[in-house]
1. Build a GNM of chain A with springs between Cα atoms under 10 Å: which of A:ARG32, A:ARG185, A:ARG218 gets the top mean-square fluctuation?
2. Would you work out if the protein assembly as shown is rounded, prolate or oblate? Take a ≥ b ≥ c from the square roots of the eigenvalues of the alpha-carbon gyration tensor; rounded if a/c is under 1.5, else prolate when a/b is larger than b/c, oblate otherwise.
3. Which whole-Hz couplings ³J(HN,Hα) result when phi for each residue of segment A:112-123 is put into the Karplus expression 6.51 cos²θ - 1.76 cosθ + 1.60, θ = phi - 60°, listed in order with x for Gly and Pro?
4. Only helices at least 30 Å long along their own axis, judged from Cα atoms, and with Kyte-Doolittle mean hydropathy of -1.0 or greater: name those in chain B from DSSP H.
5. Assign one of three labels to chain A, namely rounded, prolate or oblate, based on the Cα gyration tensor with a ≥ b ≥ c the square roots of its eigenvalues; rounded applies when a/c is under 1.5, prolate when it is not and a/b is larger than b/c, and oblate otherwise.
6. Relative contact order of chain A, please, whole-number percent, based on alpha carbon pairs below 8 angstrom and at least 6 residues apart.
7. Would you mind computing, in nm to one decimal, how far apart the modelled labels at A:SER86 and A:ASP132 are, each placed 7 Å from Cα along Cα→Cβ?
8. Assuming R0 = 22 Å, what is the FRET efficiency of B:ALA24 and B:THR123, from their Cβ-Cβ distance, to the nearest 0.05?
Protein chains: 2
Amino acid sequence: MVQITNIAPLFKDMAKLEHDYSLACQECSLYRLCLPLGLHHKDLAQLDKIIKRRQSYKRGETLFTTEQSFKSIYVVRSGSFKTTISTSNGRDQVTSFYFPGEFIGLDALYQASYQSNAKALETSSVCEVPFDALQELGKEMPQLQIQLLSRLSKELSGDKSLMLLLGKKTADEKLATFLLSLSKRFSDRGFSASEFQIMMSRGDIANHLGLAVETVSRVFSRLQEEGLITTNGKEISLRDIEKIKTLCL
Amino acid sequence: MVQITNIAPLFKDMAKLEHDYSLACQECSLYRLCLPLGLHHKDLAQLDKIIKRRQSYKRGETLFTTEQSFKSIYVVRSGSFKTTISTSNGRDQVTSFYFPGEFIGLDALYQASYQSNAKALETSSVCEVPFDALQELGKEMPQLQIQLLSRLSKELSGDKSLMLLLGKKTADEKLATFLLSLSKRFSDRGFSASEFQIMMSRGDIANHLGLAVETVSRVFSRLQEEGLITTNGKEISLRDIEKIKTLCL
DNA sequence: TAATCACATTGATCAGGATCAATAAAAAGG
DNA sequence: CCTTTTTATTGATCCTGATCAATGTGATTA
């Protein structure tokens, strides 16, 4: 059996996370969720050197588009992003949402150009990791390569699950699955698993789940009538997680 | 006890293509599509040592299931496979089809167990690549790591495209897109881009595209009436590829 | 603070594709 | 080879979720 990673959740100081964009990997509260996991101290320092800490992006601002050639992968430092791809006639699909510690742009390295458009969902910041430099480092740090492979593999299995959702689940099941996925990710990051603020619009959610906005709205209302959740705009609280789990299938 | 370890060489003359499972990477006709691409000759020899050539699988036979722990990735040598994942209540989704030179099991390395079930669609064979050994080799061959990353990334972008298909395309668009994807993959492998045999059932296709069998059948008939394709069971020929392209969106 | 604009909810109606049903055609198996 | 089983096609009907429409609720800006 090949055991690759053990991303244990935990981080404490929210304030740091939000505001100190220059914070080095060594002191970053995302350490356990991020790329450096498993690196030795001296290797970490080297990784730290190649990472560019970037200014924040405001809601709706673009991180990259399919027009740009691939140079870097991005790790969310604070806030959140969405990626979309489009048909030639302008319909588009929200392929993923990204939270702190998650990698954006991994699907780009094959074609050497970004395969999707990435936009901030709220005021957010990222660490930019130039891929060339990362590969150079990787030659001397197998652990880093493994980390990277592991991330790609994780995204891959997430995508397969979404295929199952898109292809085989009903509207109710889709939304239940989505809410639990958010819950898990918030709780992995030290936030409440049952009460959180969603920063994506109903439209984004609907699009991501292959539904119409109206359907999402109706399912939210129905779940609320049944006492499974409470919503107030962007505030969501899951009142009966166990029951919601049974809805996911 | 007489151990019969390697019978294959005895049959060297029998259709190398299909049946010589012991054929080394150096002589393999899939070279350009496969893992070794870009490796130096001596590195290739080393890679060759860790690869296990496996007996063939018959239609419907299992390559691996979600119950098994992850040890190896598999490269299709001949034939084809499908992978599926399932909901807790038994609905399942065909997540991908795999052709010669393509890698199966890449989504497994994150959780160290296979995330899907892989089955042969016809009499097929694979090369088994033990992941531990591959990682060891990778330490000395950056090119190999890059190849691996590249493959993961490629699968990732394929999956994103499928999300777009599942979430935003109509039945006609789905089937047109699917046919062209097959066409491309056959032509990449030196076969005709316009005439080929599909080895997956209508059910598999329907499931993969998030449709009912009946719908797939009807769309096939409609495309045929419109003179865009000809079908005869598993034989498909694309009569007007340009027009089919316009259907994909 | 009003005015504008983007987003959300709810209702009424519609349609694409699912489901049900029957038959036909291939495979598989004895 | 004939029998049995699986897979494919075609038709009739139904239903989930899309679309259209109207109103409500927040946000942003002047």
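All of the numbers you see were taken from the coordinates with simple rules; none came from a lab. This structure is a prediction, so every number in the text was calculated from the model and none was measured. Here the Cβ is made from the backbone with ideal geometry for all residues, glycine too, and neighbour counts use every protein chain on show.
1. Of the options given, A:ARG218 has the highest mean-square fluctuation.
2. Numbers: a/c = 1.79, a/b = 1.20, b/c = 1.49.
Here the protein assembly as shown falls in the oblate category.
3. 6, 9, 4, 9, 8, 10, 10, 10, 6, 8, 7, 4
4. Details: long enough: B:142-168 (39 Å, 0.05).
For chain B, where a helix must reach 30 Å along its axis and average at least -1.0, the hits are B:142-168.
5. Details: a/c = 1.79, a/b = 1.52, b/c = 1.18.
Verdict is prolate for chain A.
6. Values: 396 pairs, mean separation 47.3, N = 249.
It comes to 19 percent, rounded to a whole number.
7. 2.9
8. Working: r = 22 Å, r/R0 = 0.99.
For R0 = 22 Å, the calculated efficiency reads 0.50.
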